[in-house]
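First comes the structure, then the notes that go with it.
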Amino acid sequence: MKNKTVINNLPKDPFSGYFSPGKPNVFKQKLLQTQISSYWSRLISKTMSKGQYTYLQSGELKSTHKIRLGNENFLNVSSYDYLSLIGNREIESSAIEAINKFGTSTGGVRLLSGSHVLHEELEHKLAEFKGTEAAISYTSGYMANLAIASALIDQKDKVLIDEKIHKSFIDALSMAKSDFEKFRHNDMNDLEIKLNEVPTYRRVFVIVEGIYSMDGSILELPELLLLKRKYGFFVVIDEAHSFGVLGKTGRGVNEHFGIHANEVDVWTSSLSKAIPSNGGFIGGSRELIIYLQHQSSPYVFSSALNIGSVAAIIKSLEIIERYPDKIENLWKNVKYFLNSCKQIGLNTGISQSQVTPIIVGSKNDTLKLSAFLYKHKILSPAAVFPAVPFNQGRLRICMNAAILNEEMDYIIEKIDSGIKSNVKANTIQKYS
């Protein structure tokens, strides 16, 4: 493999390997010659010229908490491989065996000819694991959330969403032209104020997350369900970052609080984080799932989840059940990392989980810190506006079950020294 030219340990042009030579330049053809595209082109070029562009780095080996970039080994603290299951031999063997036996695709949509016995096995397993009556699988968590917004929510309904909800739901609700409004993060008092403003004749959906993807905070589920009993709204919980992780056996935020899954109307999650595969699913009542099988466009009009991914998910769930120590190890590492950060005054916001933001502040300072870590063989691309609120730029550190204490110590040491040498003290934002 031909290596990219590297200056200061940063690729000179991370786009060089993506486009074929001799192809027409779309910008010259004015296909994307707009104010917005020109702004992004200038912004990316400026960031690259400063040696601060750490996105789109192509790994050469398996993407565990260690990764290989351009013939050099890095600690990877941006991977969602929370339980360190990427590269697990049993999971890989199951996927390979399924492909050898059944092929790479079922050749159609699920409703017609694309369903396979492994899809049925997967959905039975997901429902059993989550504790719902039934489940339905999709090609991604994004598609599952799009299915909820397009098939379940009517334009006459009112949707109240946590202000830190994932972008997939913002997109889905916007495309469905839903009437949605944000309430303050995890603030049930603010939610109740907004509930009282909704006319009683309207259906109300409240959409939240088990663990919030940019802040690592955990949903206040008991308080939310108290309001549900009082006002009778429908609850949708996205467990992309809590499925397989939260609760003693990884069954999610309801297990964490000792609450049965059937107290929530709709569960949704990706299958590409703690589960090292692709796909997403929705869990709920049998009637809900039958309806979605026939009325959700991402299911009806999209090819079935590929067989290799299906087999990998099934085996992953078996391993999580068989080895609960993986979850225990993850939370030991979470506790160690959070406590170590706080001891030296790093701003970890409101994190309570394996998703730990290091709040920096301005976009420029956050990019500089990310580039500093890259030079010290730590991959942690910056999260800046509009992915997070303005001037709340951060590094999102994702913990996993296999990382060692000395590796965490090294990461914390470099973050601390990087902030001291690259970030102006008066630009560090107090988190709120």
- Task: Answer yes or no as to whether residue 249 is over 18 Å from the mean Cα position of the chain (by Cα), over 30 Å from residue 81 (Cβ atoms) and among the hydroxyl-bearing types (Ser, Thr, Tyr).
- Result: no
- Only residues that are under 23 Å from the mean Cα position of the chain (by Cα) and either surrounded by fewer than 19 Cβ atoms within 10 Å (Cβ to Cβ) or part of a loop (DSSP other than H, G, I, E, B) (or both): list them for region 129-152, please. 131, 132, 139, 140, 150, 152
- Task: Tell me which residues, restricted to region 203-226, are under 17 Å from residue 383 (Cα atoms) and not aliphatic (A, V, I, L, M).
- Result: 212, 213, 215, 216, 217
- Message: What's the total number of residues in region 320-350 that are within 18 Å of residue 218 (Cα to Cα), surrounded by fewer than 18 Cβ atoms within 10 Å (Cβ to Cβ) and either without any contact (Cβ under 8 Å) to a residue 24 or more places away in the chain or not assigned by TED's automatic domain parsing to the domain that holds residue 361 (or both)?
- Response: 5
- Residue by residue through region 291-308, note down the ones that are among the hydroxyl-bearing types (Ser, Thr, Tyr) and surrounded by fewer than 22 Cβ atoms within 10 Å (Cβ to Cβ). 291, 297, 302, 303
- Query: Given the structure, is residue 150 at pLDDT below 95, of a type outside the set (A, V, I, L, M, F, W, C) and in contact with a Gly (Cβ under 9 Å, 6 or more places away or on another chain)?
  - Reply: no
- Message: Return the residues of region 65-93 that are farther than 19 Å from residue 356 by Cβ, free of Cβ contacts under 8 Å to residues at least 60 places away in the same chain and touching a strand residue (DSSP E or B) at 6+ places or on another chain (Cβ under 8 Å); say none if nothing qualifies.
- Response: 68
- Note on the structure: residue 72 meets each of (1) buried (at least 16 other Cβ atoms within 10 Å of the Cβ); (2) not assigned by TED's automatic domain parsing to the domain that holds residue 307 with one exception, condition (1)
- Item | Which listed residue, of 368, 363, 342, 375, is in contact with a Phe, Trp or Tyr (Cβ under 7 Å, 6 or more places away or on another chain), farther than 30 Å from residue 109 by Cα and at pLDDT below 95 | 363
- Query: In region 360-377, which residues are polar (S, T, N, Q) and either within 22 Å of the chain's Cα centre (by Cα) or assigned to a loop (DSSP other than H, G, I, E, B) (or both)?
  - Reply: 362, 366, 370
- Residues being farther than 16 Å from residue 342 by Cβ and crowded, with 23+ Cβ neighbours inside 10 Å - total across region 395-417: 3
- Task: Pairs only if they're at least six apart or on different chains, beta carbon under 9 angstrom, first in region 144-164 and under 15 Å from residue 240 (Cβ atoms), second in a loop (DSSP other than H, G, I, E, B) and among the basic types (Lys, Arg); list them, first residue then second.
- Result: 162/184
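Quick grid of which residues meet (1) among the hydroxyl-bearing types (Ser, Thr, Tyr); (2) out of contact with any helix residue (DSSP H, G or I) (no Cβ under 8 Å at 6 or more places or on another chain); (3) in a helix (DSSP H, G or I):
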position	(1), (2), (3)
315	no, no, yes
321	no, no, yes
334	no, yes, yes
337	no, no, yes
340	yes, no, yes
350	no, yes, no
357	no, yes, no
- Task: Run down 212, 231 and say which single residue is out of contact with any Ser or Thr (no Cβ under 7 Å at 6 or more places or on another chain), farther than 17 Å from residue 268 by Cβ and assigned by TED's automatic domain parsing to the domain that holds residue 277.
- Result: 231
- Message: Which count do you get for residues in region 277-294 that are among the aromatic types (Phe, Trp, Tyr) and outside any helix (DSSP H, G or I)?
- Response: 1
- Task: Hand me the list of strands (runs of 3 or more DSSP E) wholly inside region 193-276 holding 3 or more residues that are in contact with a strand residue (DSSP E or B) (Cβ under 6 Å, 6 or more places away or on another chain), in contact (Cβ under 8 Å) with a residue 60 or more places away in the chain and buried (at least 24 other Cβ atoms within 10 Å of the Cβ).
- Result: 266-270
- Evaluate region 369-377: report whether one residue or more is under 30 Å from residue 131 (Cβ atoms) and among the aromatic types (Phe, Trp, Tyr). no
- For residue 315, state whether it is modelled with pLDDT of 95 or more and under 28 Å from residue 220 (Cα atoms). no
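The values are calculated or read from the model by the stated rules, or taken from the named source; none is laboratory data. Because the structure is predicted, anything quoted here is derived from the model rather than measured. Every residue, glycine as well, gets a Cβ built from its backbone with ideal geometry; the counts of neighbours run over all protein chains shown.
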